[in-house]
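One structure is given below, encoded as structure tokens.
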Amino acid sequence: MKINDVILRTVVKGVVFIILTLGMYLFFAGHNAPGGGFIGGLVLASAVVLLYLAYDIETIQKTMPFDFKKVAAVGVLLATGTALGSVLFDVPFLSHTDGYFDLPLLGETHLTTVTIFEAGVALTVVGVVVTIILSINEEGGE
Amino acid sequence: MSNLLIAPMIIPIMTAIILVFLRDNVRMQRVISLITMGVIILISGFLLVEVKNNGIMRLDFSGWLPPFGILFVGDAFALLLVLVASIVTAACLIYAFSTIGEAHEKMFFYSFVLLLVAGVNGSFLTGDIFNLFVCFEVMLLASYVLVALGGGKRQLRESLKYVLINVVASWMFLVALAYLYGAVGTLNMAHISMRVAEAGQDPVLTTISLVFLIVFSLKAGLLLFFWLPGSYSVPPTSVAALFAALLTKVGMYALIRTFTLMFPNQPDITHTIIGVMAVITLLAGMAGAMGGRDVKTIATYNVIIGVGFIMIGLAIGNEQALMGAVYYLMHDMVAKALLFLCIGMMVYLTGETIVKNMSGLIRNYPLFGWLYFLGLCALVGIPPLSGFIGKVLIGQGAIAGGDYILLIVGFLSSIAVLYSLLRIFLASFFGETIIVMEDEVPIRKGMMGSLVLLAACVIFLGLGANYIMPFVEAAAAVLVDPSIYIDAVMPQGNE
Amino acid sequence: MESVMVILVGVLVAVATYLILSRNIIRVILGTAILSHAVHLLILTMGSLKQGNVPLLSDSEGPYTDALPQALILTAIVISFAVTAFVLVLAFRTYGTNKTDDLQELRGNADE
């Protein structure tokens, strides 16, 4: 089914980038302010869903050739992998570590393994939400 | 601290995710899922021996000491159930290999089975009541998918009801959690137990415990089993066997934990109510099992009888009865899986579900017939098979506690089990054979293999009681005396 | 404040119960969604509604608020989100195969 809504498409073209940026901001802000992987993931997913609304499924899948089930799978793997990584260092499961590093351009930066875990959460949320929306759609469904 | 304790939950999750990437390689999926279950069986066996030798283990996630962090606690009770659940799942997987069909396998069937196992194992091992809720939900979400997967009209209809009932039950779980948190201000099970004991379990706490009783009864099928026959008869055989073996058992595990660890101080109220519920459950299950006309109904009502019988053990509540409950719980997992696989096989071989329309199966499939008979004997409790020891222990407990009504109803239920299953055996296995040699559907090796594996477990649980009893005693010791559990979990001198 | 919240929770539960008892699948699912919101509020209320500082040892001085109810609610929201989404898909499929969204007609009978 081809949707042809000029106003929606024009708005979406601009808005999608704002939403994606907001999603990324929320994701990184989550470390010590409101935000985090789940919320960031939901916002990112809403951008993708908005694209599906404005265009049709075939067009979007041509430009974004991901299988969103696999995106979710990668996310879970990343999150559980980080959690399990602590086992290798003989500290309790799910332990995280952090440190300050001097990076070029950014200066001294606070990096932590929690961010990798959160990235996994975000990917999972994006994958799951988009998969669910697609499977309600008859043609794109499982 | 032992990071190995997380393995029974995290390994299935990771494997489930890896299987998503192997969607089109069905063979690989089978091999990997079976290997995973094998690894979990080995690990849980190792942990069980460790726990028996060195006492209860615990794992504080990311190093937060109890009562502040989430933790996994491995005691003998939990690990015994993890071990048996993993063995049963492996058997059901082997059965599924040859029966479930390509369509299911491509729809991530094995991933969801592994997620179900992860949820079940997590529920057994967790030492935090909110974490128990989360593990329950992992298990339930996987079961929702499994029950609806590949659904026709009837299957989707029944699974919708199953899902809605469980959603409402989960909501009640959260309500109970909220009240509990408001009342005692902690979620660590050992810490709850301490706080409840300090407060002397006043009426408010007893009421909260009754909300938990309702929630877990719904999940376990204790009295509130109205949803069970419908939803257990629609999914494919291997899934139904998994459900019958695992899902209600998790509810029962939660009940036993709740009323031996957290709220053991008012047995006059709570345990009496459980006893009454168990008796009504048994009576209703007996009526259903004896009156059922098709094999699936009879099998599901046998699940309900099993629930009632184990809960009698909890209601009596002395050491022997609890030992019996633990033993019978393990036996029931294995034997119910065997029963459901046999029933599914009968339907597969004859295409019929009504008992009367089948006949003479034992002439065509002698080994299968005798395996069914073995399962029957185990469920009835004929020595030396697995059901016998559990029944004797619960019976001894009932006599020691003077609960003669529970004793009588419990043993009446064995007769109902005998009647209902023997009726299937006599009507469907003996008599004129209805299948001509040429029309015989061959039994695949995998199907027979899983039945033989489960039958071997049934025999081992009966004959090998000497090896198992020390573990069961260790499990029951913790159930009788929660202070063992509390001492192992809470750091000393830190309230 | 607590009593107002509890009354609100009660109203939400009443609304949800009404919706769950109706015959239309979508209304039932909306009912379960409202039910989950009610219980989230209940958890928040049971954790007592006090004002205090962020419970970060280095960033603020006590008295701290209890952060646990919020963590519980976040987890519960995620779970109820997943379950609601799944039930919606399932209901949609059931509607597709059974051609009805009326639970009375979805009852089915024993002799099938």
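The values are calculated or read from the model by the stated rules, or taken from the named source; none is laboratory data. These figures come from a predicted structure and were not determined experimentally. Note that we place each Cβ from the backbone using ideal geometry, even for glycine, and neighbour counts take in every protein chain shown. Heads up: the accessible areas ignore ligands, DNA and RNA and are worked out on the full protein's heavy atoms, side chains in. Shrake-Rupley method; radii C 1.70, N 1.55, O 1.52, S 1.80 Å.
Between C:Leu49, C:Leu8, C:Leu19, C:Leu90, which is more than 10 Å from every other protein chain (Cβ to nearest Cβ) and either within 29 Å of B:Val234 (Cβ to Cβ) or among the aromatic types (Phe, Trp, Tyr) (or both)?
Details: C:Leu49 fails: either within 29 Å of B:Val234 (Cβ to Cβ) or among the aromatic types (Phe, Trp, Tyr) (or both); C:Leu8 fails: either within 29 Å of B:Val234 (Cβ to Cβ) or among the aromatic types (Phe, Trp, Tyr) (or both); C:Leu90 fails: more than 10 Å from every other protein chain (Cβ to nearest Cβ).
None of the other options fit; the residue is C:Leu19.
Which one of these is under 19 Å from A:Gly37 (Cα atoms), in contact (Cβ under 8 Å) with a residue 40 or more places away in the chain and away from chain B (no Cβ under 11 Å): A:Ala73, A:Ala119?
Result of the check over A:Ala73, A:Ala119: A:Ala119.
Can you name the condition, by its number, that B:Ser217 falls short on among (1) within 19 Å of the chain's Cα centre (by Cα); (2) within 25 Å of B:Ala16 (Cα to Cα); (3) hydroxyl-bearing (Ser, Thr, Tyr)?
Every listed condition holds for B:Ser217 apart from (2).
Name the residue, out of B:Ser98, B:Ser62, B:Ser143, that is of a type in the set (S, T, N, Q), more than 30 Å from B:Met448 (Cβ to Cβ) and out of contact with any strand residue (DSSP E or B) (no Cβ under 9 Å at 6 or more places or on another chain).
When all the criteria are applied, what remains is B:Ser62.
Taking B:Ile408 as meeting all but one of (1) in contact (Cβ under 8 Å) with a residue 24 or more places away in the chain; (2) open to solvent by 70 Å² or more (accessible area, probe 1.4 Å), write down the number of the exception.
(1)
Inside region B:152-165, can you point out the residues that are free of Cβ contacts under 8 Å to residues at least 60 places away in the same chain and of a type outside the set (D, E, K, R)?
B:Gly152, B:Leu156, B:Leu160, B:Val163, B:Leu164
Quick test of your reading of the structure: B:Asp128 fulfils all but one of (1) away from chain A (no Cβ under 14 Å); (2) in contact (Cβ under 8 Å) with a residue 60 or more places away in the chain; (3) of a type outside the set (Lys, Arg); (4) out of contact with any helix residue (DSSP H, G or I) (no Cβ under 6 Å at 6 or more places or on another chain). Name the failing condition by number.
The one condition B:Asp128 does not meet is (1).
Condition first: away from chain C (no Cβ under 14 Å), of a type outside the set (S, T, N, Q) and farther than 21 Å from B:Asp128 by Cβ. Can you find one or more residues in region B:175-191 that meet it?
Within region B:175-191, not a single residue is away from chain C (no Cβ under 14 Å), of a type outside the set (S, T, N, Q) and farther than 21 Å from B:Asp128 by Cβ.
Looking only at region B:449-475, which residues are more than 14 Å from B:Pro383 (Cβ to Cβ) and either touching a helix residue (DSSP H, G or I) at 6+ places or on another chain (Cβ under 6 Å) or outside any helix (DSSP H, G or I) (or both)?
Matches in region B:449-475: B:Gly449, B:Ser450, B:Leu451, B:Leu453, B:Leu454, B:Ala455, B:Cys457, B:Phe471, B:Val472, B:Ala474, B:Ala475.
Take the residues of region C:26-36 that are surrounded by 15 or more Cβ atoms within 10 Å (Cβ to Cβ) and more than 11 Å from chain B (Cβ to nearest Cβ): which is nearest to B:Trp171 (Cα to Cα)?
Among those that are surrounded by 15 or more Cβ atoms within 10 Å (Cβ to Cβ) and more than 11 Å from chain B (Cβ to nearest Cβ), it is C:Leu30.
Which of the helices (runs of 4 or more DSSP H) found entirely inside region B:300-409 contain at least 3 residues meeting this: charged (D, E, K, R)?
Where helices (runs of 4 or more DSSP H) fall fully within region B:300-409 and carry at least 3 residues being charged (D, E, K, R), they are B:319-350.
For region B:153-167, which residues satisfy the criterion of being open to solvent by 20 Å² or more (accessible area, probe 1.4 Å) and more than 7 Å from chain C (Cβ to nearest Cβ)?
B:Gln155, B:Glu158, B:Lys161, B:Ile165
With region A:24-142 as the region, which helices (runs of 4 or more DSSP H) entirely inside it contain at least 2 residues that are open to solvent by 30 Å² or more (accessible area, probe 1.4 Å) and at pLDDT 85 or above?
Helices (runs of 4 or more DSSP H) meeting the threshold: A:37-54, A:68-88, A:113-136.
Considering only residues that are within 23 Å of A:Ser135 (Cα to Cα), more than 7 Å from chain B (Cβ to nearest Cβ) and either charged (D, E, K, R) or touching a Phe, Trp or Tyr at 6+ places or on another chain (Cβ under 8 Å) (or both), which ones fall in region C:93-109?
C:Lys99, C:Asp101, C:Asp102 - these are the residues of region C:93-109 that are within 23 Å of A:Ser135 (Cα to Cα), more than 7 Å from chain B (Cβ to nearest Cβ) and either charged (D, E, K, R) or touching a Phe, Trp or Tyr at 6+ places or on another chain (Cβ under 8 Å) (or both).
Facing chain C (nearest Cβ under 10 Å), β-branched (Val, Ile, Thr) and open to solvent by less than 10 Å² (accessible area, probe 1.4 Å) - does that describe any residue in region B:136-149?
The first filter runs over region B:136-149 and keeps only residues facing chain C (nearest Cβ under 10 Å), leaving B:136-138, B:140-141, B:144-145, B:147-148.
This time we only want the ones that are β-branched (Val, Ile, Thr), so: B:138, B:145, B:147.
Add one more test, that the residue is open to solvent by less than 10 Å² (accessible area, probe 1.4 Å), and what stays is B:147.
Yes.
Tell me yes or no: at least one residue of region B:226-246 is open to solvent by 30 Å² or more (accessible area, probe 1.4 Å) and either under 30 Å from B:Asn466 (Cβ atoms) or in contact (Cβ under 8 Å) with a residue 24 or more places away in the chain (or both).
Yes, because at least one residue in region B:226-246 is open to solvent by 30 Å² or more (accessible area, probe 1.4 Å) and either under 30 Å from B:Asn466 (Cβ atoms) or in contact (Cβ under 8 Å) with a residue 24 or more places away in the chain (or both).
Can you name every residue in region C:62-112 that is over 30 Å from B:Lys296 (Cα atoms), within 22 Å of the chain's Cα centre (by Cα) and without any contact (Cβ under 8 Å) to a residue 24 or more places away in the chain?
Matches in region C:62-112: C:Asp66, C:Ala67, C:Leu68, C:Ala71, C:Leu74, C:Thr75, C:Val78, C:Ile79, C:Phe81, C:Ala82, C:Ala85.
Spot the failing condition for C:Arg23; the list is (1) surrounded by 17 or more Cβ atoms within 10 Å (Cβ to Cβ); (2) in contact (Cβ under 8 Å) with a residue 12 or more places away in the chain, and only one is missed.
Unmet for C:Arg23, out of (1) surrounded by 17 or more Cβ atoms within 10 Å (Cβ to Cβ); (2) in contact (Cβ under 8 Å) with a residue 12 or more places away in the chain: (1).
Out of everything in region C:58-76 that is in a helix (DSSP H, G or I) and open to solvent by 70 Å² or more (accessible area, probe 1.4 Å), what residue ends up being nearest to the other protein chains (Cβ to nearest Cβ)?
C:Leu74
Against the definition (crowded, with 22+ Cβ neighbours inside 10 Å, of a type in the set (Phe, Trp, Tyr) and in contact with a Gly (Cβ under 8 Å, 6 or more places away or on another chain)), how does B:Phe124 come out, yes or no? Don't jump to the end; show me each part of the working.
Working: crowded, with 22+ Cβ neighbours inside 10 Å: yes; of a type in the set (Phe, Trp, Tyr): yes; in contact with a Gly (Cβ under 8 Å, 6 or more places away or on another chain): no.
In short, no.
In this structure, does C:Pro55 turn out to be more than 8 Å from every other protein chain (Cβ to nearest Cβ), open to solvent by 70 Å² or more (accessible area, probe 1.4 Å) and in contact with a strand residue (DSSP E or B) (Cβ under 9 Å, 6 or more places away or on another chain)?
For C:Pro55, the condition - more than 8 Å from every other protein chain (Cβ to nearest Cβ), open to solvent by 70 Å² or more (accessible area, probe 1.4 Å) and in contact with a strand residue (DSSP E or B) (Cβ under 9 Å, 6 or more places away or on another chain) - is not met.
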